[in-house]
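Working notes for the structure below.
The values are calculated or read from the model by the stated rules, or taken from the named source; none is laboratory data. Predicted model, so just to flag it, every value in this text is computed and none were measured. Here the Cβ positions follow ideal geometry from the backbone for every residue, glycine too, while neighbour counts run over all protein chains shown. All accessible areas refer to the heavy atoms of the entire protein, side chains included, with ligands and DNA or RNA removed. Shrake-Rupley method; radii C 1.70, N 1.55, O 1.52, S 1.80 Å.
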Amino acid sequence: MEATGIKLLVRVVKSLILRPVRVLGDGSYLAKVYKNDSDRRKDRDGVMVRVIRYTLDDPQRVGHGEEHVLITDLLDEVAHPATGLIILYHDVGKRS
């Protein structure tokens, strides 16, 4: 991701194992994703991502009341606040 300059903001299944490495000021946190369980157990070749967990509070939207999990490579919570990324994710989804 970093080498290509492509920025990532995707929704993942909430059961994905994303253990906090560091909690950020906006409530999001940094975690590592791994190719497989063996790599996770050995903490080998993990890729740092930012995790944003939230519950939709809009009865007009699909998924209202459910926990959603986004991951991104935009790690700076000051430059890219979690609330702004949540709005961006859902606004782009409306246009698709």
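A few comments on the model shown:
- Residues within segment 41-72 that are open to solvent by 70 Å² or more (accessible area, probe 1.4 Å) and of a type outside the set (D, E, K, R), tallied: 5
- Any hit, segment 53-76, residues being in contact with a Pro (Cβ under 9 Å, 6 or more places away or on another chain), in contact (Cβ under 8 Å) with a residue 12 or more places away in the chain and outside any loop (DSSP other than H, G, I, E, B): no
- Number of residues in segment 25-48 that are farther than 21 Å from T83 by Cα and not in a helix (DSSP H, G or I): the value is 10.
- Taken as a whole, the structure leaves S38 outside the set of residues that are within 26 Å of G5 (Cβ to Cβ), at pLDDT 90 or above and open to solvent by less than 80 Å² (accessible area, probe 1.4 Å).
- Being open to solvent by 100 Å² or more (accessible area, probe 1.4 Å) and either part of a helix (DSSP H, G or I) or at negative phi (or both) is true of R22.
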